[in-house]
Structure formats: structure tokens, C-alpha cells
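Inspection log for the structure reproduced underneath, given as C-alpha cells.
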Amino acid sequence: NGEGAYEAFMEEADAAGLNVVVEQPIDVFPSTCSNEVSVMQDAGVEMLYIISASLPAICMIRGAREAGYEPDTWLSCAHCWNLDLVAKAVDRLPENSVAFGWTTTLETEAGEEFSEVVHEFVPEATEKDVDINALIGYAPGQLLLAGLEAAGPNLTRDGFREAMETSVSGVETGYGSPPVFGPGDRSGPLSVSLWGPGTRIADGEEVATWVTLDPIWRDEF
């Protein structure tokens, strides 16, 4: 979700031999969204990749259900899928849907650790207090702490930046990838990383998974 995601996907699709049969802007109004669903259905789209946030995704899922359209796979890089915003709005995500996000989920080891920390400091905490929305605020803090630890005691701005870019991958911390794209590259749109924790739907149940793809770096930094 964001500038550069479309270009990165098209490059990866071409390299993987995927045939992009149709590209369709998504409107958030139900009357027009149904027409856009028909375009996908008529083109025989088997894998639907939504580079968008919650409203277009909700519209597409509802429209697809009304039309009886069931793609083999739904993909999304919009983090709102991991936060259950889309799932709650449409009752449940479609079968075989995969969401890529930058933070982890409650079902992972890092998520369980977060729950333990909350109950340690707030014994009266309820299930509503330990949710994904709270975890999304906790995870970046853990990444920053890992970066400070990797930078060492003689902290400098450049040293911290280098530590975040070279020593903190997110895989080791379990809390997701750091908000950087490669050594010396903080421009964002010029490169994109497509690995990280996510969720998928299997047999009607949401399953946490760690999706690891090779990061897409620029040739030079």
C-alpha cells in the first residue's frame, strides 16, 4: 500500500511468470464497485491483488460475494487486513486470502510475549486490552530498543541509523521489519520490502504466518 508497491508487484509478477490479465481502479461506491467486480470476473482473474486500504477492499469483497465471484487467492499489502478492520466490516475475510503487514500478530511468539508484559504490569487487563491495536503501538517501540542496543553505548545519529539499517531486521526481534529499505536508502518509494508477518485464511479460520520473500533492493545505495 503506497507509492512503489504497484511497480514492485508488476516486476515480481513478470519474473514469476504470472499473467496480469486486468488492472482495475476500485471505487468505494457500491453502485460502481459491482461493475468493477464484473470486470474481474469476466476476465477470469484467479488471483486478486488489492493495493489499497480498507474501504476499496471492503467494497470488493462485498461485491464479489453478491456476484458469486470467488477468486482462488486474495492478496493485500494493506495493513488494515491484519488489524481485522476489513474482516469485521465484511463479517469474515474470503477463503485463501493473504495479508502482508509490517507488524506481527497476537498469535506469534512476539504477540504472546506482549500479552505477558501487559498482564505483568496491568494484572486486571482484559482480553479487550490485549488486542492487535495495542500491539501495533508496542511493536515499533521494541524495534527502536533493538536499534539502540545494536548501536551501542556511544550513540550518534548516524550510528543509530546504521544499526537500524544493518543490524535490526525484525526477524530476530519478532516484532516486524524496521521502517527502512536498505543501507543508506531512506527514500521509501525507490525500493520496497515484501517480507514480513501476515495472516492467511484457511478453512474459514484466520491463521498467523510469517511470509518471507526476498527484499527488493535498489542495485546501488
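Taken together, the values in this text are just the output of simple stated rules run on the coordinates, not laboratory data. Because the structure is a prediction, the values reported are computed rather than measured. Neighbour counts run over all protein chains shown; Cβ positions are idealised from the backbone, glycine included.
R0 = 41 Å: FRET efficiency of residue 109 with residue 23, Cβ-based, nearest 0.05?
Here the calculated transfer efficiency is 0.60.
Per the Kirkwood formula on distinct C-alpha pairs, the Rh of the stretch 102-170 is how many angstrom?
13.3 Å
Please list, in chain and number order, the residues 5+ apart from residue 49 or on another chain whose amide H is under 5 Å from its amide H, with Hs placed from the backbone.
75
Short version: ³J(HN,Hα) in whole Hz for each residue of the stretch 131-140, in order, from phi by Karplus 6.51 cos²θ - 1.76 cosθ + 1.60 (θ = phi - 60°), x for Gly and Pro, what are they?
Per-residue couplings from phi come out as 10, 5, 5, 6, 5, 5, x, 7, 4, x Hz.
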